[in-house]
Each structure stands twice: as C-alpha cells, then as structure tokens.
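Notes follow the structure.
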Amino acid sequence: VQLQASGGGLVQPGGSLRLSCAASGLTFSNYHMAWFRQAPGKEREFVSAIMRYGTHTSYSDSAMGRFTISRDNARNAVTLQMNSLKPEDTAVYYCAADPRGPIGVGPSRYDYWGQGTLVTVSS
C-alpha cells in the first residue's frame, strides 16, 4: 500500500493550496480517508475525513468553513482544498486510510499513512 501526498508549498496568509493524495495497492473505495497535520513540536492532529463513497465528511473546528475534502474513487485519490490559510496552518500534512469506520479522529484508527507534504503559511 502506498499513499503519495503532494501539493504542499509556501503560501501567503489568506492564500489557498490544494493537497492531493494518490493511493495504490489497496481497494480505495473500501477505505475511509483522512488528512492529519503535525506542526513542529506538536502532536499529529486530525484535519478532515471522508467516508468510502464520499457520503459523509468531517472537519476539525480549525478546518471547518475553510477546507474542503473530496475523493475520486475512479482515480484512487483524495484531495484537500485549503482556503483562507493562516500561519497556524503551517504543518506537515499527511493522508491516511482506515478500512473500518466510522470516521475517527484519532491517528491510531488509520492503518496506512502517506509520507507527508509540507505546508508553510508565511508572508
């Protein structure tokens, strides 16, 4: 199983980024997918998740209203559109896959992880 996250970079406050995660080696539609992030010196925290067929999504309080998660089961991909970015969004963002459900916010729920993509929000 491989999860390949991409799309991170340097963006100014108020800007946008679109993260993508390409999955291989698994039956993608069998997995709930999530994004977590980890800032320097902090624990990994839940950002957003989407159920197998996109029927339900979940967001952290900090992501609600600014981030949108979506998935394309035909392309084995999940994306995170991030708008109105703030300096406190700076972190390494990871995609993760959970075969069980329901959607969980704890990292231990997720079996597979991508390598992470760095998002830096700074002027």
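The values are calculated or read from the model by the stated rules, or taken from the named source; none is laboratory data. Computed from a prediction, not measured in an experiment: that's the story for all the values here. Quick reminder, even Gly has a Cβ in these numbers, built from the backbone with ideal geometry, and neighbours come from all protein chains shown. All accessible areas refer to the heavy atoms of the entire protein, side chains included, with ligands and DNA or RNA removed. Shrake-Rupley method; radii C 1.70, N 1.55, O 1.52, S 1.80 Å.
Please give the net charge around residue 29, taking every other residue with its beta carbon less than 12 angstrom from that of residue 29, where Lys and Arg add +1 and Asp and Glu add -1.
Once positives and negatives cancel, what remains is +2.
Please list 68, 90 in order of solvent-accessible area, largest first, computed with a 1.4 Å probe with all protein chains present.
Most to least solvent-accessible, the answer reads 68, 90.
How much accessible area per residue does the chain have, counting only protein heavy atoms and a probe of 1.4 Å, in square angstrom?
49 Å²
Say a paramagnetic label sat at a point 7 Å from the Cα of residue 70, along Cα to Cβ; which residues of the range 42-61 have their backbone N under 16 Å from it?
49-51, 53-58
Using only alpha carbon pairs under 8 Å that are at least six residues apart, calculate the relative contact order of the chain and give it in whole percent.
Dividing the mean separation by the residue count of the chain yields 36 percent.
Over the chain, what percent of the accessible surface lies on carbon and sulfur atoms, probe 1.4 Å?
48 percent
Quick check: with the 1.4 Å probe, what order do 51, 33, 64 take by accessible area, largest first?
64, 51, 33
For residue 109, what accessible surface area do you get with a 1.4 Å probe? Give it in Å², rounded to 10.
Surface accessible to solvent at residue 109 totals approximately 70 Å².
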